[in-house]
1. What is the helix-to-structure angle for 76-105, meaning the angle in degrees between its Cα long axis and the longest Cα principal axis of the chain, kept from 0 to 90 and rounded to the nearest 10?
2. In a solvent-free Debye calculation with one equal scatterer on each Cα, what is log10 I(q)/I(0) for the chain at q = 0.15, 0.17 Å⁻¹, listed in the order of the q values?
3. For each of 80, 134, count neighbouring Cβ atoms within 10 Å of the residue's Cβ, then give the residues from fewest to most.
4. List residues of region 104-122, by number, whose backbone nitrogen lies under 19 Å from a label position 7 Å along Cα→C-beta of residue 36.
5. Do the sum for the chain: with -39,500 (n - 2.57) for every DSSP H run of n ≥ 4, divided by all residues, what is the mean residue ellipticity at 222 nm, to the nearest 500 deg cm²/dmol?
6. Helix 39-55: angle to the longest alpha-carbon principal axis of the chain, degrees 0 to 90, nearest 10?
7. Counting other beta carbons within 10 Å of each Cβ, put 120, 132 in order, fewest first.
8. What percent do you get for the relative contact order of region 6-139 when only Cα pairs under 8 Å and 6+ apart count?
């Protein structure tokens, strides 16, 4: 297997991992909304959210900047996909913030719950967008 095939295989695997992490984050948020004030669920959500945020960062470029495989996995198209997915996350978070604002204004929803919804919307949208763009580029 040459370097190009290995890079494509790793890219597809990363896209699948991003879909799975996004689904776990969304499920943990929905569980957290159903089970109010559960420390385990809150901690689990926070841990998954941090892992999701780290998964979207260009860590390959930082860890091994001179590796040929890292260069293939972080080329200009991947950077553009990352930029586009961050824009999708921004718009999703803005929409979530605007939708939850009326509920928070009347005191029906706390600030912590609103921040979790906004962060979940941003991360899930960015992860699903990035994974979709990467899988589409691999075809």
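1. It is inclined by approximately 0 degrees.
2. The computed values of log10 I(q)/I(0) come out as -0.76, -0.91.
3. Numbers: 80 12, 134 21.
Fewest-to-most ranking of 80, 134: 80, 134.
4. 104-118
5. Rounded to the nearest 500, it is -29000 deg cm²/dmol.
6. Tilt of helix 39-55: around 30 degrees.
7. With the sparsest Cβ surroundings first, the list reads 132, 120.
8. Working: 119 pairs, mean separation 52.9, N = 134.
The normalised contact order for region 6-139 reaches 39 percent.
Computed from the coordinates by the stated procedures, all read-outs in this text should not be read as laboratory data. It should be emphasised that the depicted structure is a prediction, and the values quoted were computed from it without experimental measurement. Reconstructed Cβ throughout: ideal geometry from the backbone, glycine too, with neighbour counts over all protein chains shown.
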